[in-house]
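The values are calculated or read from the model by the stated rules, or taken from the named source; none is laboratory data. Note that this is a predicted model, so its numbers are computed, not measured. No Cβ is skipped: glycine too gets one built from the backbone with ideal geometry, and neighbour counts run over all protein chains shown.
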Amino acid sequence: MRLLPPAVALILVGTWFGLQRLAISATESENMMLQKGIAAVRYATLETAAPAKSTAPDRPARNKGPLDWKLIAEQLSEMQRSGGIGDMRAITRLQQRLQAMTPQEIVAALDEIAALDLSAAARALLERVLMQPLMQKDPELALDRFSDRLQTLDAAVGGQLAGALRDWARKDASKADAWLDQQIAAGKFDSKALDGRSQSRMLFEGSLIGVLLTSNPSAAARRLAALPEDQRADVIGTFSINSLKDESLPAFAKLVREQVPESERARAFALQTAQRAAQGGYAKVTDYLARIRPTPDQRIACVEQAVATSMLSNDKKITRDDLDALREWVGSQTPNATDNITGKLLCMAALRTRKLDFAEASELAVQYSLASGNDDVLITFVENWAVGSSKEQARVLAEKISDGKRRAEMLKRLE
């Protein structure tokens, strides 16, 4: 049996302090990817297991005895604590055992685990282990099994189950559509939040609508129209790039323009940009923009999203070469916004992700301003640094603004 390679742990970038559109970029996009289960705790799905060479391939009896779920929970917990190091042979055998089980046997194992005296964390870990093969074998059964907990699921499990709904919809969209309507009618997604939002429902709606956009665009529009207007952009942001194929992008753009309030359309388009930037880089984003044909403001939002996702969602230090390449691409997409985006990115890199320190970022801001013949990069950096960190440092840097009028205006604002 072919086993999956180790998954790379997702590093969530801290929320940006308010750099307007870029604030939704690296953090919100990566968080959305987490919610969809793209990078959610893969230890719990056993994808961290490395192939183990069996010394006795002709001894199937080893896989016939009862499973010690308490011991398994301890082994998986140790793997999490140690960063994936553990008894890989035992974990590999468990994965093989689960893959050989029928959906009904997996459900019986879930019943057995529910009756054990386990901590909540251990029980949740084991449930995630069993959920993955159950969803692969019978997504409908997996959804029914956990339907009484749809509103209380954590992001990782909710993402897994929303993925099961997506897989089911690809095989039988009408049944998946009817199932979700039944759960809504039964109150499974009723929210106690003051704003009435059900994050779980939005996640499931997004998984289904993303599939329907390809197979039945009118049904997709019907589902989105049934949601409050102020939730539609967020639902669209959960569409999986694996569901929203390139050929569906014109229908996607039409859906956004017809169903999402105008003030939210740029954000809706930008949220999808993040997935393309993460998986295909700037080339994928360029193609995306060509297909959805955004307005100038929407294009800027998408470019900012792509920049933040590509540059800030990893551990790599930002270099001058990186910034030059970024500015070249941004200039090809939104030439009038290149300096503004550069200033914001430099500020975010120094303030939140620590990929530059203040001295490095401010020096680069000065250099780019001198090279361009205007102060736009420097002014944008100063404005955002004053909001997010230190007005005193911002004032010192503002003294380097070459245009006397703009320098005086900035210093006045920083008093």
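Numbers below:
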| read-out | value |
| --- | --- |
| Considering residues of region 306-327 that are within 17 Å of the chain's Cα centre (by Cα) and of a type in the set (S, T, N, Q) only, the residue modelled with the highest pLDDT | 309 |
| Residue match in region 339-348 (condition: among the polar types (S, T, N, Q), closer than 24 Å to residue 262 by Cα and either surrounded by 14 or more Cβ atoms within 10 Å (Cβ to Cβ) or free of Cβ contacts under 8 Å to residues at least 24 places away in the same chain (or both)) | yes |
| Any hit, region 396-406, residues being within 30 Å of residue 315 (Cβ to Cβ) and surrounded by 17 or more Cβ atoms within 10 Å (Cβ to Cβ) | yes |
| Qualifying residue in region 363-379 (condition: β-branched (Val, Ile, Thr), modelled with pLDDT of 90 or more and not in a helix (DSSP H, G or I)) | no |
| Every residue from region 349-358 that is without any contact (Cβ under 8 Å) to a residue 60 or more places away in the chain and either among the hydrophobic types (A, V, I, L, M, F, W, C) or not assigned by TED's automatic domain parsing to the domain that holds residue 369 (or both) | 349, 350, 356, 358 |
| Test: residue 180 is at negative phi, over 20 Å from the mean Cα position of the chain (by Cα) and either surrounded by fewer than 22 Cβ atoms within 10 Å (Cβ to Cβ) or hydrophobic (A, V, I, L, M, F, W, C) (or both) | yes |
| Residues of region 302-329 satisfying the condition of being touching a residue at least 60 places away in the same chain (Cβ under 8 Å) and more than 27 Å from residue 265 (Cβ to Cβ) | 314, 315 |
| Restricting region 275-320 to residues that are assigned to a helix (DSSP H, G or I) and polar (S, T, N, Q), the residue that is surrounded by the fewest Cβ atoms within 10 Å (Cβ to Cβ) | 279 |
| Failed item in (1) in contact (Cβ under 8 Å) with a residue 60 or more places away in the chain; (2) surrounded by 15 or more Cβ atoms within 10 Å (Cβ to Cβ); (3) under 30 Å from residue 212 (Cα atoms), with residue 96 passing the rest | (3) |
| Criterion violated by residue 62 - all others in (1) exposed (fewer than 12 other Cβ atoms within 10 Å of the Cβ); (2) assigned to a loop (DSSP other than H, G, I, E, B); (3) modelled with pLDDT under 85 satisfied | (2) |
| Subset of region 349-364 (residues that are crowded, with 21+ Cβ neighbours inside 10 Å and over 18 Å from residue 315 (Cβ atoms)) | 362, 364 |
| The one condition in (1) at pLDDT below 90; (2) in the same structural domain as residue 189 (by TED's automatic domain parsing) that residue 128 fails to fulfil | (2) |
| When residues of region 172-191 are limited to those that are in contact (Cβ under 8 Å) with a residue 24 or more places away in the chain and of a type outside the set (Gly, Ala, Ser), the one farthest from residue 228 (Cα to Cα) | 175 |
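Per-residue answers, yes or no, for (1) touching a Ser or Thr at 6+ places or on another chain (Cβ under 8 Å); (2) within 13 Å of residue 259 (Cα to Cα):
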| residue | (1), (2) |
| --- | --- |
| 203 | yes, no |
| 206 | yes, no |
| 213 | yes, no |
| 216 | no, no |
| 233 | no, yes |
